[in-house]
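The values are calculated or read from the model by the stated rules, or taken from the named source; none is laboratory data. Owing to the predicted nature of the structure, the values given are computational and were not obtained by experimental measurement. Note: ideal-geometry Cβ built from the backbone for every residue, glycine included; neighbour counts use all protein chains shown. Side chains are part of the model used for accessible areas, which takes the heavy atoms of the whole protein and leaves out ligands, DNA and RNA. Shrake-Rupley method; radii C 1.70, N 1.55, O 1.52, S 1.80 Å.
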Amino acid sequence: MTDKKLRLGVNIDHVATIRNARGCGYPDPVRAAKMAALAGADGITAHLREDRRHITDTDILRLCDEIDLPLNFEMAATDEMLAIALHHNPHAACLVPEKREERTTEGGLDVVRGFDALKPYVTKLSDAGIRVSLFIEPSIEALDASKALGAPVVELHTGAYCDAPEGPERAAIFENIKTAAAYAEKLGLECHAGHGLTFDTVAPIAAIETIKELNIGHFLIGEAIFVGLESSITQMRRLMDKARSL
Ligand code: PXP
């Protein structure tokens, strides 16, 4: 594995979304995580939301017990989630903003105004040996605040980049991501990225060498309906590796 290697974290939340639509036991997100491992994922990401709309407490327990890959536990900065994280001791915890009324995680954490509220969570997770990452917008202010909070990792929100129409708007957001990723490295922060990435949008992000990991879920699970999960992940992996080798 070279330094250039870009890790792929597969987010399996939406396997659970489909399962929960019927309230039965299938499709099983843990089975998807096992398949993701075989297809070349470097880690598994799962978001336990306050309302348990997709991943459940039992899923987290089973992921910890049955999966060999590192688990990136996405969580809101609440006492309930902190207790769960400390109980399971996952490889990493990614702090994300969470609102019940949102369809997905619509923006990054407000690490500037939320600094004092976030600090104890970063500290307690870090003290337990859990690698904390902060899901932020690609801005210099957010990176400075993340550094000051003491998190070793940031994940840049790529949702706006993916949602923007191809052309100058997307290009401008892309430049912000590139600049933020370079600044993160300068600050000594490991930089990840994710949200909304697809086969069509992944390559430019994957080509940014200061980004070390991408977390991708919704598109991969949707594409799996047509080509199967293994093939969907393998193709994403191929696109990432190709972009990285340029
Ligand atoms: N990274 C973070 C922090 C997220 O909250 C999500 C969505 O749960 C993702 C990555 C993956 O986004 P998507 O499912 O759109 O690929």
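Residue by residue through region 127-157, note down the ones that are within 19 Å of residue 210 (Cβ to Cβ) and charged (D, E, K, R).
Residues satisfying the conditions are 131, 137, 141, 144, 147, 155.
Please go through region 37-46 and give me each residue that is surrounded by fewer than 18 Cβ atoms within 10 Å (Cβ to Cβ) and assigned to a loop (DSSP other than H, G, I, E, B), ordered by number. It would help to see each step written out before you state the result.
From region 37-46, those surrounded by fewer than 18 Cβ atoms within 10 Å (Cβ to Cβ) are 37-38, 40; that's our starting set.
Selection gives 40 alone.
Within region 112-134, count every residue that is surrounded by fewer than 23 Cβ atoms within 10 Å (Cβ to Cβ) and not in a helix (DSSP H, G or I).
Total satisfying the criteria: 7.
Taking region 6-36, which residues are away from the ligand (no atom under 14 Å from the Cβ), in a loop (DSSP other than H, G, I, E, B), of a type in the set (A, V, I, L, M, F, W, C) and surrounded by 16 or more Cβ atoms within 10 Å (Cβ to Cβ)?
6
Residues being among the aliphatic types (A, V, I, L, M), open to solvent by 20 Å² or more (accessible area, probe 1.4 Å) and either assigned to a loop (DSSP other than H, G, I, E, B) or within 14 Å of the ligand (Cβ to nearest atom) (or both): count how many of those fall in region 68-104.
Summing the residues that are among the aliphatic types (A, V, I, L, M), open to solvent by 20 Å² or more (accessible area, probe 1.4 Å) and either assigned to a loop (DSSP other than H, G, I, E, B) or within 14 Å of the ligand (Cβ to nearest atom) (or both) in region 68-104 gives 2.
Looking at residue 142, is it of a type in the set (A, V, I, L, M), closer than 25 Å to residue 219 by Cβ and out of contact with any Pro (no Cβ under 6 Å at 6 or more places or on another chain)?
Working: of a type in the set (A, V, I, L, M): yes; closer than 25 Å to residue 219 by Cβ: yes; out of contact with any Pro (no Cβ under 6 Å at 6 or more places or on another chain): yes.
Taking the combined requirement at face value, the residue satisfies it.
Please verify whether region 88-98 includes one or more residues that are out of contact with any Cys (no Cβ under 7 Å at 6 or more places or on another chain), more than 21 Å from residue 190 (Cβ to Cβ) and not acidic (Asp, Glu).
Looking for residues that are out of contact with any Cys (no Cβ under 7 Å at 6 or more places or on another chain), more than 21 Å from residue 190 (Cβ to Cβ) and not acidic (Asp, Glu), one finds none in region 88-98, hence no.
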